[in-house]
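The values are calculated or read from the model by the stated rules, or taken from the named source; none is laboratory data. A quick note: this is a predicted structure, and the numbers were derived from the prediction, not measured. Note that we place each Cβ from the backbone using ideal geometry, even for glycine, and neighbour counts take in every protein chain shown.
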């Protein structure tokens with residue numbers, strides 16, 4: 001048995017519009033409730049030198065966007081804003097400029113402690129990327145940073161080309 005429900009507005013228990021209809025088949029969804037925010041993306045503005053055998057905070061110093069002012073270019077960190085705890089997708093991608101290393105690691109740190117690590121062996125004459133893509137739970141005030149380590153025997157370099165070396169994330173809705 002099928003039924004028909006005719007309404008012009010859906011609201012939550014607090015009277016906030018979730019979805020409205022103009023009666024002509026056009027629906028408006030409350031997009032504020034469906035945004036994956038807070039969200040941020042930061043990148044390098046120049047190539048970045050990685051010292052040999054030293055865990056190094058990456059200087060993501062250019063903010064492409066930051067919906068809730070959580071990214072700090074001085075500390076190279078993203079702080080979960082007040083009232084915005086939950087599950088987040090976090091991505092870090094590093095593109096090397098062609099150095100060879102038996103180990104290149106990228107770390108996501110929460111409050112100074114590694115929470116995700118990815119490792120890559122970099123063969124000679126290549127420009128591979130090492131990356132982390134994770135979904136983790138965070139609470140307001142957690143500070144996220146990106147670190148790198150390599151052991152080529154000399155300095156390594158990360159490319160700054162837009163879209164090749166970045167640190168980004170967003171809160172998941174409905175998770």
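Summary table
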quantity	calculated
Failed item in (1) modelled with pLDDT under 95; (2) within 17 Å of residue 52 (Cα to Cα), with residue 147 passing the rest	(1)
Which listed residue is part of a loop (DSSP other than H, G, I, E, B) and at pLDDT 90 or above, from 152, 114, 69, 137	69
Lone qualifier among 133, 96, 75, 62 - being surrounded by fewer than 16 Cβ atoms within 10 Å (Cβ to Cβ) and touching a residue at least 60 places away in the same chain (Cβ under 8 Å)	75
Complete set of residues in the stretch 164-175 that are in contact (Cβ under 8 Å) with a residue 60 or more places away in the chain and in a loop (DSSP other than H, G, I, E, B)	164, 165, 172, 173, 175
Verdict on residue 45 being touching a strand residue (DSSP E or B) at 6+ places or on another chain (Cβ under 7 Å), farther than 18 Å from residue 90 by Cβ, assigned to a loop (DSSP other than H, G, I, E, B) and in contact (Cβ under 8 Å) with a residue 40 or more places away in the chain	yes
Among the candidates 3, 15, 83, 25, residue that is assigned to a loop (DSSP other than H, G, I, E, B), farther than 20 Å from residue 165 by Cα and in the same structural domain as residue 145 (by TED's automatic domain parsing)	83
Test: residue 20 is loosely packed, with under 12 Cβ neighbours inside 10 Å, assigned to a strand (DSSP E or B) and not assigned by TED's automatic domain parsing to the domain that holds residue 90	no
